[in-house]
Amino acid sequence: MPQIVLVITSAEDVTANLVIEALNERQAYVARVDPADVGPELMFSAYINSHRPEWIGRLRSPSRDIALEDVGAVYYRRPSSWRFESLEKPARDFAVTEARHGLGGLLASLPNCRYVNHPANIGRADFKVTQLQVATEPIMCAQ
């Protein structure tokens with residue numbers, strides 16, 4: 001199986017649509033998911049052990065069945081906020097935390113994978129003071 005480019009974004013993201021179109025023109029195998037669909041629309045299972053210390057598992061949506069170990073690149077761009085509207089607030093808060101740590105952590109930890117906009121870097125970039133500090137650092141150029 002060829003390496004999969006996993007596009008993690010909302011269904012309404014028109015910029016991601018353009019990226020997916022360009023990837024399709026290059027005959028890349030692309031799968032688009034929105035982590036906020038976790039539940040019947042997006043299911044996942046994964047395991048890790050000392051004999052093979054990388055995540056192995058599956059990510060399933062109505063249109064895709066993805067082996068996590070086949071994901072070679074991730075384009076992470078503006079996924080929807082976690083949705084659990086049918087739950088009352090305490091249960092919704094619990095479900096959001098579990099989904100963020102479970103699926104969110106898994107998607108941020110895929111093995112042998114290149115990330116465009118790794119979720120951890122996006123979180124750090126949310127802080128203006130961090131952006132300003134990075135902007136003042138000298139640029140190191142390869143000789």
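Worth a mention:
- Solvent-accessible area of the chain (1.4 angstrom probe, protein heavy atoms only): carbon and sulfur portion equals 55 percent.
- Using θ = phi - 60° and Karplus 6.51 cos²θ - 1.76 cosθ + 1.60, couplings along the range 62-75 (whole Hz; Gly, Pro as x): x, 10, 9, 9, 10, 7, 4, 6, 8, 7, x, 8, 10, 9
- Kirkwood Rh in Å, taken over the range 88-142 so that all alpha-carbon pairs contribute: 14.0
- Residue-normalised accessible area of the chain, expressed per residue, 1.4 Å probe, Å²: 67
- Global form of the range 56-120, assessed from the alpha-carbon gyration tensor, a/c cut-off 1.5: prolate
- Dimensionless Rg over Rh [the chain; C-alpha; Kirkwood]: 1.01
- Per-residue SASA entry for F127, accessible area with 1.4 Å probe, Å² rounded to 10: 130
- Counting charges near F94 (Lys, Arg +1; Asp, Glu -1) among other residues having Cβ under 15 Å from its Cβ returns a value of 0.
- Summarising the strand pairing of the chain, around 40 percent of its internal DSSP beta bridges are antiparallel.
- The eigenvalues of the Cα gyration tensor, multiplied by 5 and square-rooted, give the range 1-55 an equivalent ellipsoid with semi-axes of 25, 17, 8 Å from largest to smallest.
- Comparing E41, E54, E85 in a Gaussian network model of the chain (Cα springs below 10 Å), the most mobile by mean-square fluctuation is E85.
The values are calculated or read from the model by the stated rules, or taken from the named source; none is laboratory data. Keep in mind it's a predicted model, so treat the numbers as computed, not measured. A quick note on method: Cβ atoms are made from the backbone with ideal geometry, for glycine too, and the neighbour counts reach across all protein chains shown. All accessible areas refer to the heavy atoms of the entire protein, side chains included, with ligands and DNA or RNA removed. Shrake-Rupley method; radii C 1.70, N 1.55, O 1.52, S 1.80 Å.
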